[in-house]
Every structure is written in C-alpha cells, then in structure tokens.
1. May I ask you to rank Glu531, Glu183 by accessible area, largest first, using a 1.4 Å probe over the protein chains only?
2. Provide the per residue accessible area, probe 1.4 Å, for segment 25-121, rounded to a whole number of square angstrom.
3. Rounded, prolate or oblate: which one fits segment 299-443, using the alpha carbon gyration tensor with axes a ≥ b ≥ c (rounded when a/c is under 1.5, else prolate when a/b beats b/c, else oblate)?
4. Pairs of alpha-carbon atoms within less than 8 angstrom and 6+ residues apart define the contacts here; what relative contact order does the chain have, in percent?
5. Let's test the formula: R0 of 45 Å, r as the Cβ-Cβ distance of Asn507 and Ala305. What FRET efficiency results, to the nearest 0.05?
6. Output the pairs from Lys156/Lys221; Lys422/Lys482; Lys393/Lys422; Lys72/Lys156; Lys221/Lys374 with a Cα-Cα distance over 26 Å in this structure; if there are none, say none.
7. What does the accessible area per residue of segment 249-337 come to in Å², with a 1.4 Å probe and no ligands, DNA or RNA counted?
8. Could you provide, to the nearest whole Å², the per residue accessible area of segment 373-456 with probe 1.4 Å?
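The values are calculated or read from the model by the stated rules, or taken from the named source; none is laboratory data. As the structure is a computational prediction, the values presented were derived from the model and not from experiment. Counting neighbours? That spans all protein chains shown, and the Cβs are built from the backbone with ideal geometry, glycine included. For accessibility, only protein heavy atoms count, side chains too; no ligands or nucleic acids. Shrake-Rupley method; radii C 1.70, N 1.55, O 1.52, S 1.80 Å.
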Amino acid sequence: MASSPQLFPFPAGVDRPATDRDEGVRPASAQPGADVYAAAILGEATRVLSLMDREALSPTAGCGDRTFWSWKFVDFPASRLQESLCVLSFLYSTPLSESPYHRNARLLEWITRGLQFWSEIQHPDGSFDEAYPFERSLAATAFTSFYVGEALEMIKGDLPASTLDATRGTLARAGAWLAANDETHGFLSNHLAAAAGALAHAFRQTGETRFNDRSRYFLDKILRRQSPEGWYDEYGGPDPGYQTHGSFYLARCWEFSGDARLGDSLARASRFLAHFLHPDGSLGGEYASRNTQTYYPAAFEMRAAHDPASAWIARAMRSGVGSGAAAGLHCVDLFNYFPFLNNYVFAFKAAAARPEPAPAVEPSPDPGLVWFPKAGLARVRTARYDAYVGTAKGGVVKVFDRRRRALIYSDCGYVGRLRSEKSVSSQYYDPERPVRVSEASIEVDGDLVEFSRPTMTPVMFVGFRIFTLTVGRFPGLGRWLKALLVKTLIYRRRSIAVKFTRRVEFNELGVRVADRLVGPGGSEITELRRETVFTTIHMGSSRYFIANELADIPAGERIDPETVTGGVALERTVTVN
C-alpha cells in the first residue's frame with residue numbers, strides 16, 4: 001500500500017501560493033501540443049544522418065558511430081548509437097509538415113543497412129557492448145533492442161523480407177540473453193525498465209512467451225523495489241532526472257499491456273516527481289541520488305489523458321524542451337543524444353494523438369513542508385519561495401524565487417583537497433544519516449569523506465584494454481570488473497575525522513543555513529570551500545549545463561582549513577523580496 005509523504009502546514013499567516021502556471025509558478029508553454037517535439041526532431045535529422053555511414057560498399061555501412069567509422073579514434077563501435085534507427089524509422093513513416101524524409105526510398109536503404117550493422121556487432125551469446133569490448137552490457141543489450149523493436153513497429157511492412165527476418169533473429173538472441181542475465185552491479189530502475197521493454201518487443205516480433213514472462217520479471221522487480229513514497233530506485237535512492245527516463249519504458253510497457261498495476265505505479269511516481277519540478281522549469285540536481293537534471297517528456301505526454309499528475313508535468317515542462325531550463329536534447333552529449341531524440345518521438349506521438357487537455361492543477365500546491373524520509377528529500381513552500389533540501393546528500397540546499405521563477409541560492413556543501421591530494425566532501429548519498437525535521441527547520445549530521453575523481457591515463461587505458469581483450473572476455477570476470485568500477489566510482493568513501501552539522505531554517509521571508517565543522521582531521525585538509533554546484537560521484541548523465549548556472553546567486557566561499565580542527569561555524573541567510 002502506498003504511503004504519503006509527511007506533510008506539515010506552514011505557519012499561519014502565510015498566503016496560499018499560486019496553483020496555476022500563469023500566476024508565477026512556472027513558465028507557460030511556448031508551443032502547445034506536439035509542435036515543439038516535431039520541430040526538435042526535424043531540426044536534428046541532418047545530424048542523425050551525418051553520424052551514420054551511408055556508403056553501400058563501406059565495411060562499416062550502417063554504423064551510427066561516426067567516431068569509429070569516420071574519425072577512427074576508437075577501437076570498437078558503440079552499439080547504442082544504433083538507436084538512431086528508431087528516430088530514422090519515425091521520419092520515414094511519419095508525414096511531418098515540410099519533411100523530405102517521409103517514404104523516402106534512400107532513407108529506407110540507410111535504415112536497412114543500420115539494422116544489418118546492428119546484427120553484425122552482436123556477440124554470439126546475444127549481448128552487446130557499451131563502454132568497452134566484451135562488456136556484455138545489460139544496458140546496451142536492453143536499450144538497443146528496445147529501440148530496434150520500435151523501429152520494426154514503424155517500418156516492418158516496408159523492409160526487405162531478408163532484413164526483417166535477420167533483425168527478428170538478432171532481437172530474439174538479445175531477448176534470450178536478457179532472459180538469462182540481470183543487472184548485477186547495482187539497482188538501476190531505468191536499465192531494468194528498458195530490459196522489460198526490449199523483451200516485450202522480442203515477444204511481439206517472435207511470439208515466444210518466454211520473452212513476455214521475462215519482461216514481467218523485470219517489471220515486477222522494479223515495482224517491488226518502488227518506494228512507498230512513489231520513487232523508483234536508482235543506486236539506492238530517488239533521482240528525478242533518471243525517473244523521467246525510466247518512466248518512459250514503463251509507460252510503453254503499460255501501453256502494450258494495459259496493466260492496471262503498472263499504471264498505478266506510474267501515477268504514484270508522477271505524484272512524487274511533481275514535487276521536484278522547480279519554478280524556473282528545471283528539476284532535480286545535486287540533492288538526489290544521481291545528481292541528474294535531465295527531463296525526458298514522453299512518459300508524461302503518454303500518460304496525460306489517464307493521470308492528472310502526468311498531465312500537469314507534461315504541460316508544465318513543455319516549454320523547457322527548447323528553453324534550456326532543464327537538461328535536454330540541446331545540451332546532452334552523444335551518449336544521451338539518441339535516448340533524448342527518440343523520447344521526443346514518443347512525446348510527439350502521444351501529444352499529436354489527443355486534443356490538448358485543459359490546464360491541469362499542480363498535484364501538491366500547498367504551502368509548508370513536504371518531507372519524504374525514505375528518499376531523504378524535502379520541499380518547503382511559501383508564497384515567496386520554494387526550497388529543496390537533500391538530507392541524504394548532506395543537506396544540499398536550493399532556493400527558488402516563485403515570483404521571478406529564478407534560482408536565488410544553491411549550496412551543495414563542502415568540497416576540498418587533502419595533503420594526500422585526494423578530494424574530500426560533505427556531499428555523499430546516505431539515507432541513514434541522522435536527520436531532525438520539523439515544520440520550521442531541518443538539521444543534518446555527517447562526516448567529511450574522501451571521494452574519487454579518476455580519469456584514464458594512457459598506461460591505465462592500455463592495461464584496461466589488455467584485461468578486457470583477454471581474461472575480461474569471460475562473463476564472470478567481466479561482471480567482477482564492472483562491480484569494481486561501480487564500487488570505486490560511486491560507493492567507495494572513507495571518513496576523515498571531521499564532523500559537520502547543517503541546520504536549515506525556514507520562515508516567511510527566507511532561509512537561513514547554519515553549519516558547524518569540527519574534528520582533528522582538519523589537519524589533513526589543505527583547501528576547503530563551500531560551493532554552489534559540484535558533484536562527488538561518477539555519473540555521466542549529470543552536470544549537463546542548464547540555464548540557472550548563470551543565475552546571480554551568492555558565490556562559493558573559501559574556508560580556512562586551520563579553523564576546522566578546533567571548530568568553525570558558518571552562516572548564510574537568503575531573503576526573498
């Protein structure tokens with residue numbers, strides 16, 4: 001049974017804030033309906049085609065990884081760039097206004113070569129690689145199979161019979177691998193959701209019920225792990241950005257099956273997510289488990305006619321698709337480019353298939369504090385501001401002026417350097433840390449901990465390649481390597497002997513942040529700063545630029561490390577006019 005967050009009414013005398021977007025909560029949509037997505041897709045079509053090797057007699061014909069086939073800077077093709085086949089199939093099959101791609105015979109030839117290349121780079125066991133050779137990645141196998149399955153849904157009637165049969169065979173082998181393997185290095189709901197969607201496509205293309213059964217296995221696994229607060233698990237906690245991504249694959253499975261339990265799960269997830277859409281059109285960030293600020297719109301457009309929270313999110317965030325308020329297609333690198341572009345395909349399809357609904361009411365518009373203890377996340381709302389606190393991340397604080405729809409304060413905690421040259425910070429994910437929450441304040445305790453920021457060197461890279469090309473070919477050792485990388489880059493931390501306490505106080509006019517740091521480990525620190533924006537775990541999908549990074553907010557400040565040993569107190573007050 002789903003539980004509700006803990007709600008605290010704000011003190012008497014505070015005006016109820018606006019509840020609709022035209023009253024200062026968030027910017028109104030610049031382009032209603034599907035037009036904004038169609039424009040983005042058509043605007044990227046030439047780039048998508050430029051990334052593909054389109055020469056019929058080339059040994060890499062159909063390859064979507066230009067860095068591999070054209071620049072020749074890497075030693076294996078990235079299988080996930082074959083996800084371009086989904087958006088290309090959409091362009092071929094969809095009569096968009098002023099589109100030269102609809103039913104274009106040359107485009108169909110290129111798509112055919114792309115499907116053939118996808119089959120060629122599959123391992124004999126059915127898996128695909130993403131980050132390195134012989135990785136046998138569940139993510140790569142799931143995501144590429146899902147999007148190839150979507151491509152077949154759109155163009156299978158126009159493909160040569162030999163290509164269709166071969167692609168279905170490749171999809172069946174990928175499905176068989178997914179039926180026998182699982183994610184082992186962490187719990188990532190978005191990966192498992194993509195696996196469920198890929199297996200649903202394998203079932204639809206082959207009719208083999210084992211694929212449908214395994215799809216249900218992954219869906220059940222996600223739903224069992226879904227928090228009673230509504231969020232989907234991403235490395236042990238909630239992440240609004242990744243939740244928008246993973247929700248799409250779940251929504252697609254819901255469209256295939258009509259499963260009421262899955263629909264209810266998505267509705268609860270949307271109600272949770274709605275709390276973390278910011279007044280300036282951004283969402284998420286450093287206060288969540290994976291630090292992402294990406295907004296994938298498709299799930300909410302697909303669910304808008306069935307769920308009020310999804311309808312509100314879709315409408316509230318549509319203007320951010322092109323504005324830069326949230327991280328999206330305009331700012332991501334190549335590794336997230338096709339997931340975003342394909343997501344816009346399904347956002348367009350959903351928005352174009354229904355009349356534009358009336359403006360939906362925000363699911364949680366009331367003033368006061370909304371506290372999700374399992375997530376370690378809080379939102380405080382007054383008539384003047386929204387404040388977000390990541391208690392599980394050491395008290396990361398972000399404050400937005402509701403009237404100006406602008407970020408006015410960001411405090412991601414403390415980051416510094418030790419005499420050993422290692423990095424140290426107060427920001428790390430720990431939902432079990434001591435927290436004291438009331439309607440007027442939040443107090444968080446923790447330690448300063450070491451964290452890792454490694455990058456590849458030529459010697460390290462050669463050693464890594466030798467491993468992956470020799471003993472790393474064995475699946476068991478490959479899984480061990482991935483688990484080691486995740487432990488090193490995400491989970492590993494060592495406390496130094498410095499304690500900190502952060503107290504965040506809220507009143508009608510603003511926010512006060514008071515910190516105390518103390519401990520003998522201060523003697524190890526050579527440099528320490530309180531910073532507005534930084535992250536401490538490896539996460540390729542975080543730290544994309546968004547517009548509010550240019551906001552006029554209080555800057556970070558240097559802390560004298562010598563004061564930490566005996567104890568230092570710091571305080572800031574943010575007043576909202």
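1. Of Glu531, Glu183, the descending order of accessible area is Glu531, Glu183.
2. That works out to 45 Å² per residue.
3. Details: a/c = 2.28, a/b = 1.44, b/c = 1.58.
Oblate.
4. 15 percent
5. 0.65
6. Violating the 26 Å limit, Cα to Cα: Lys156/Lys221; Lys72/Lys156.
7. That works out to 24 Å² per residue.
8. On the way: 2870 Å² over 84 residues.
On a per-residue basis, 34 Å².
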